[in-house]
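Okay, structure first, notes after.
The values are calculated or read from the model by the stated rules, or taken from the named source; none is laboratory data. In this text, all values refer to a predicted model and were calculated from it rather than measured experimentally. Please note: Cβ atoms are built from the backbone with ideal geometry, for glycine as well, and neighbour counts cover all protein chains shown. Accessible surface areas use protein heavy atoms only, side chains included; no ligands, DNA or RNA. Shrake-Rupley method; radii C 1.70, N 1.55, O 1.52, S 1.80 Å.
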Amino acid sequence: SLTEVLPILQGLGVEVVDEHPYEIRRSGQEAARIVEFGVVLPQGNIYAYETLFARFREAFKACWNGRCEVDAFNGLVVSAGLRWEEVVILRAYSRYERQIGSSFGHSYQAAMLRDNATVARLLIDLFMVRFDPERSDNRTTNEDELVRRLDVELDAVPSLDADRMMRHMKSLILASVRTNYFLLGMASGHNRALAIKLQPRRVPGIPAPIPEHEIWSYSPRVEGVHMRFGSI
């Protein structure tokens with residue numbers, strides 16, 4: 001039904017302008033249907049336009065199958081050139097922000113990241129350079145360079161609230177020490193939760209009492225945090 005389809009398309013950041021249903025009558029079989037939607041891309045630069053259709057298709061399938069939450073964060077697939085699996089990372093950090101009492105709402109964070117696509121891409125690059133096991137380059141040097149580039153981009157953000165929100169998300173990534181993102185293979189199709197281990201003392205403004213470690217677990221079905229006040 002349109003009730004199921006339209007929120008997914010709108011969350012991906014496109015404007016649905018028309019819809020054309022077709023019925024296919026098959027001899028000796030039940031009729032089949034094809035529904036065609038006309039959509040308009042958002043204005044402005046589209047990152048990685050050459051891979052947009054494949055990424056859009058995979059993101060729609062992930063939402064349809066329940067592997068990806070249906071919300072405005074999915075618009076980063078179009079505006080920032082991210083894959084839906086990468087969007088899950090930013091969404092998970094946004095959900096953690098709410099857990100620690102952030103004043104910035106989930107929808108607001110999605111809108112600010114969509115409006116600042118370069119920052120969103122750099123945040124994902126920072127996550128990858130810290131944790132991607134396939135990388136063989138100098139992680140420390142590349143991390144320092146990405147932090148510098150992020151600070152330059154954030155200095156140009158006109159909204160003070162947006163600047164604070166995205167800098168705090170940067171600090172969450174820098175406070176992260178482990179993740180199962182690459183071990184589980186988010187693109188494999190399995191309904192698994194993303195887990196990120198953080199050192200809360202490195203997170204500005206986190207409420208007391210502050211544990212030694214927190215393991216944040218996120219999926220479309222459940223989210224929660226496991227706190228450890230010692231190394232074991």
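When all protein chains stay in place, what accessible area (Å², nearest 10, 1.4 Å probe) is found for Arg57?
110 Å²
Using alpha carbons only, how many angstrom separate the centre of segment 211-232 from the centre of segment 1-40?
Value for the Cα centre distance between the two parts: 40 Å.
Using only alpha-carbon positions, what ratio does the radius of gyration of segment 59-182 give when scaled by 2.2 N^0.38 Å?
The value comes to 1.02.
Heavy-atom accessible area of Met227 with all protein chains present, probe 1.4 Å, nearest 10 Å²?
Number for this one is 100 Å².
Just in segment 50-116: which chymotrypsin sites (Phe, Trp or Tyr not before Pro) are loop by DSSP and have at most 14 other Cβ atoms within 10 Å?
In loop regions of segment 50-116 (DSSP not H, G, I, E or B), there are no sparsely surrounded chymotrypsin sites (Phe, Trp or Tyr not before Pro).
Suppose the chain between Ala208 and Glu30 were pulled fully straight at 0.36 nm per residue; how much longer would it get relative to their current alpha carbon spacing?
Length gained between Ala208 and Glu30: 57.9 nm.
Could you give the longest part of the chain that holds none of the GluC sites (Glu not before Pro) found in DSSP loops with at most 12 neighbouring Cβ atoms within 10 Å?
It works out to 31-133.
According to the Cα gyration tensor, what semi-axes, each the square root of 5 times an eigenvalue, does the equivalent ellipsoid of the chain have, listed from largest to smallest in whole Å?
34, 21, 17
Output the Kirkwood hydrodynamic radius of segment 138-232, Cα pairs only, in Å rounded to one decimal.
By the Kirkwood definition, the hydrodynamic radius is 15.3 Å.
For segment 1-69, state the semi-axes of the equivalent ellipsoid (square roots of 5 times the eigenvalues of the alpha-carbon gyration tensor), sorted largest first and rounded to whole angstrom.
Computed over segment 1-69, the values are 26, 14, 13 Å.
Leu184 to Phe37: extension gain in nm, 0.36 nm per residue of separation minus the Cα-Cα distance?
So the chain would gain 49.6 nm between Leu184 and Phe37.
Hey, what does the equivalent ellipsoid look like for segment 82-125, semi-axes from the Cα gyration tensor as sqrt of 5 times each eigenvalue, largest first, whole Å?
Semi-axes, largest first: 18, 12, 8 Å.
Could you size up the charge dipole of segment 74-128 around its Cα centre, putting +1 on the beta carbon of Lys and Arg and -1 on that of Asp and Glu, and report it in debye to the nearest 20?
With only Lys, Arg, Asp and Glu charged at Cβ, the dipole is about 120 debye.
Have a look at Gly13, Leu184, His168 and report the one farthest towards the positive end of the charge dipole of the chain, computed about the Cα centre with Cβ charges (Lys/Arg +1, Asp/Glu -1).
With unit charges placed on the Cβ atoms, the residue in question is Leu184.
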